[in-house]
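See structure below.
The values are calculated or read from the model by the stated rules, or taken from the named source; none is laboratory data. Because the structure is predicted, anything quoted here is derived from the model rather than measured. Methodologically, a virtual Cβ is constructed for each residue, glycine included, from the backbone with ideal geometry; neighbour enumeration extends over all protein chains shown. Only protein heavy atoms, including side chains, enter the accessible area calculation; ligands, DNA and RNA are left aside. Shrake-Rupley method; radii C 1.70, N 1.55, O 1.52, S 1.80 Å.
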Amino acid sequence: MRYIILIFLLFFNFSYVNADAIYNLIKIPNLEVHKVDDVNGIKYLVSKRGFVIGDTNNIKCNGINNSDLDREFNTIQNNLRDYNSNFLRKINLKFVVLCKNLEISGINTGGIPDNKFRTLILDLTFNRNYFERMIHHEIFHMIDNSFPELFKKNKWSKLNNKDFSYASCSTCTDLLGLDLEIKKGFLTEYSMSTAEEDMAEIYSLLKTNFKEIDLLIKKDNILTKKKNFLINGLKEIDEKFIF
Amino acid sequence: MIKKIKPSLSEKILFIFLILLIILTLSSFYILNNKCLFVKKIDLNNFKFKDKQNIAIMEVECGKVLIELDSNISPKAVNRFKKLVNKGSYNGSAFYRVIENTLIQAGDIEYGNISNINYSRVGTGKSGLGTIKSELSDNFLFNAGSVAFARKEKFDTEDSEFFITLIDIPIYQGEYTPIGRVIAGIDSLKKIKVGNKSTYVLKPDYIKSLKLLVN
C-alpha cells in the first residue's frame, strides 16, 4: 500500500522546485547561463520558461527562445561593453537576465535593476526604437541606486524652472512619451515624470547619441546644468568617465 | 484418521515462487532503506597527503569525506574554518539546505545543530566569532566537490556556514569564498537527504564529526 501511495505521489508531484544553483545566487528561478563575457565579466542568464518573482509576485517575465536571443544579444552585449568591470563592480552589476514581456505590477517595462542581487533584468522584446537607450537608462538607475548621495533629487529638481514639479512616481503620471521632444529643461515627455527618470533619460540619450544630443543640450540652459550635474556625479565614480 | 495429502507439482512451484517473492521483497526493502550500500568506504591509509595541516575529515552517514583546505586562496576563511573545526562546532551540524544533485549546505552553529535544530531560524545563526571579509578568486574553479563559505546577499558576511558543490557550477566563480576541495568521499555527500518541495530539509542528515587530520 505504501508503495502504491508513493507511486501515486510521485506521479502527481510535478510542480517545479525553485532551487537551482542560479536561484541560490540571485533568487530568480528557471535561468540558464548563456554567456560569461570575458571583456567585462558580465554573466548573461536567460529565462526559457519565464518566472514570477517579488515579495508579492509582482514581477513577471516570459521565457525566450533562441531566435529572440540571436536577434538581440549582440546589441545588448555591445552596449554593455561600454562599461568596464571596475565600473560595473562599483554600480553592483554582475548578472544580466534576458527574458520577454517583462512587467512589474501589470505595467510593461524594458528593464528592472536590482542592486541587491547585482542583477539587471532586460526585456528582449522591448520597442526596437528605444531598445539601446533603455539599456543605458536602466544602467543609470543602477548607478543612481548605488550612489544616491551623488545624484540628490532635491538638488536636481532645483535646476528646473520654479513653476515645474515632478510627479510623485514615474507611473503616477501619463507622461510616458520616449520620443525626443525638447521642452524647457527636458529631452522627452517621460523626463518630466520624476527626477530619477529625468536623469536616466538624459544619461541614456547622451550615451546612445552623444553628438546630436549634446548640441541640443548646449542650446538649453537648464539641460546644460543637468548634463554637468550628471557628469560631476559620474566623475566621482570613475574619473575617466566619458559618454 | 487424518489422511496426509501430498502437494501437487504446481502447488510446489507456487510455494517456491512465494518464498522467492518474499526474499525479493525483503532484500528490496533492505536495499531501498540502506542508501549507503553502494558507497565506497574511504581508508585513510590509502592516502598520502602532501600538506597534512590542511586536511579535514568529515564523517557523515555514508562514510568519511576528505577535504583539502586551500589557504593560499583564502587564508582568513580557512583559518576561520579550522578554528570552528577545532572547537568541534561543526559536529552535529545539519545539512539543512540541499539542492538535489547540486549542492549541500551546513554549518549553522546556532540554530542548525541536529540536537536542537530550530527549523524556523536555521540559516540565520551566528558562530559568535563575527563575520569575515569575502576572499574571492577568479582562479578557483567551482567544480564538483568545491567547498566554500556561504554568505548573505552582500559580500563580507561569511561566518560559519559552508556549502559543497556536487556538480560543476562555474557561475559561482568569483562569487563565493572558497575553502577547499573534496578529495575523496563525494559519493557519501551525494546520499545526503534531500528536501521535498522546499530547499530546507526536515529531519536532515548531519555531520557526525568534522576534524583536522593534524591539529
The relative contact order of the range A:87-180, taking Cα pairs under 8 Å that sit 6 or more residues apart, comes to a percentage of 24 percent
Can you give the FRET efficiency to the nearest 0.05 for A:N57 and B:L26, using r as the Cβ-Cβ distance and R₀ = 56 Å? 0.70
From the backbone phi of the range A:102-119, what are the Karplus-calculated ³J(HN,Hα) couplings (6.51 cos²θ - 1.76 cosθ + 1.60, θ = phi - 60°) in whole Hz, Gly and Pro given as x? 5, 9, 10, 6, x, 9, 5, 8, x, x, 10, x, 9, 5, 4, 9, 6, 10
Along Cα→Cβ, 7 Å out, is where each label goes; now give me the distance between the ones at B:N79 and B:S137 in nm to one decimal. 1.6 nm
Over the protein assembly as shown, average the accessible area per residue using a 1.4 Å probe and give it in Å², no decimals. 54 Å²
Straight-line reach check, B:K87, cutoff 18 Å on alpha carbons, 8 or more apart in-chain or any other chain, hits among lysines -> B:K76, B:K126, B:K208, B:K211
Counting all C-alpha pairs of the range B:146-215, share separated by more than 19 Å (%): 46 percent
Output for the range B:108-184: GluC sites (Glu not before Pro) sitting in coil per DSSP, at most 16 other Cβ within 10 Å, listed by number, reads B:E153
Expressed as a whole-number percentage, the relative contact order of chain B with C-alpha contacts under 8 angstrom and at least six residues apart is 29 percent
What distance in nm separates the simple spin-label points at A:R71 and B:K126, each placed 7 Å from Cα in the Cβ direction? 5.2 nm
For A:21-27, mean number of other protein chain Cβ atoms within 10 Å: 6
Just counting partner chain Cβ atoms within 10 Å, what average do the residues of peptide B:168-174 show around their Cβ? 5
Looking at the range A:114-203, which trypsin sites (Lys or Arg not before Pro) are in a loop (DSSP not H, G, I, E or B) and have at most 14 other Cβ atoms within 10 Å? A:K116, A:K152, A:K158, A:K162, A:K184
Only loop residues by DSSP count here, and only those with at most 13 other Cβ atoms within 10 Å; note down the trypsin sites (Lys or Arg not before Pro) in the range B:1-59 that meet that. B:K3, B:K4, B:K40, B:K41, B:K48, B:K50
Buried accessible area between B and A (1.4 Å probe, both chains summed, ligands and nucleic acids excluded), in Å² to the nearest 100? 1600 Å²
Quick one, what does Rg over Rh come out to for the range A:190-243 if you take C-alpha atoms and the Kirkwood Rh? 0.95
Highest first, please rank the peptides B:207-213, A:106-112 by the mean number of other Cβ atoms sitting within 10 Å of their residues. B:207-213, A:106-112
For the pairs A:K162/A:K183; A:K155/A:K219; A:K27/B:K35, flag any whose C-alpha to C-alpha distance is greater than 20 Å. A:K155/A:K219; A:K27/B:K35
How much of the accessible area of the range B:1-101, in percent, comes from carbon and sulfur atoms when a 1.4 Å probe is used? 61 percent
Calculate the length of the line joining the C-alpha centroid of the range A:174-243 to that of the range A:94-132, in whole Å. 21 Å
Express in whole angstrom the spacing between the alpha-carbon centres of the range B:66-144 and the range B:9-48. 36 Å
